């Protein structure tokens, strides 16, 4: 499914053995993401390790020539690790590729997301997404 002027969000519980998202791993993920959606960075990766230890983990924001993407990883003592991912672009991209890449890199468990189109000249559209581990992670075409 290719969409233009869209904001994709994915919130997911991920593999409980996932320990951290070091800057180098975040950069490799962003490089794969930008290659998959055929986009280019607009400056360097902005990465941070959590200073608030009530919410341990790492986060990044990558500006792209058509807008931005970000990801927040939270490591919980109970073993329920989570990611919160956002991608907004004025250029079209295949949401399936993005979700598959998230699964490949973070082993999505239970997840949900939203595709929100916001092009000028047309009414906004909201598509709700959800999936579970072992189910096909594909959007309807």
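If the chain were replaced by its equivalent ellipsoid, with semi-axes equal to the square roots of 5 times the Cα gyration tensor eigenvalues, what would those be, largest first, whole Å? Show your work: numbers first, answer last.
Values: eigenvalues 118, 68, 34 Å².
Output for the chain: semi-axes of 24, 18, 13 Å.
How much mean residue ellipticity at 222 nm does the chain get from its helices, if each DSSP H run of length 4 or more adds -39500 (n - 2.57) and you divide by all residues, to the nearest 500 deg cm²/dmol? Spell out each step's value before the answer.
Values: 2 runs with 27 residues, N = 141.
Using -39500 (n - 2.57) per qualifying helix, the result is -6000 deg cm²/dmol.
Measuring r between the beta carbons of residue 110 and residue 90 and using R0 = 30 Å, the FRET efficiency lands at 0.45.
Neighbour counts of C-beta atoms inside 10 Å place 18, 85 in the sequence 18, 85, starting with the fewest.
Please rank 6, 30, 126, fewest neighbouring Cβ atoms within 10 Å first, as an exposure proxy. Before the final figure, lay out the partial values.
Details: 6 25, 30 19, 126 10.
Ranked by crowding around the Cβ, least crowded first: 126, 30, 6.
Angle of helix 95-106 to the longest C-alpha principal axis of the chain, folded into 0 to 90 degrees and rounded to 10: 10°.
Listed peptides 71-84, 41-54, 94-107 appear in the order 94-107, 71-84, 41-54 once ranked by packing, highest mean of other Cβ atoms within 10 Å at the front.
The numbers here are math on the coordinates, done by the rules we state, and not lab data. The shown structure was predicted, so the numbers you read here are calculated from the model rather than taken from an experiment. A quick note on method: Cβ atoms are made from the backbone with ideal geometry, for glycine too, and the neighbour counts reach across all protein chains shown.
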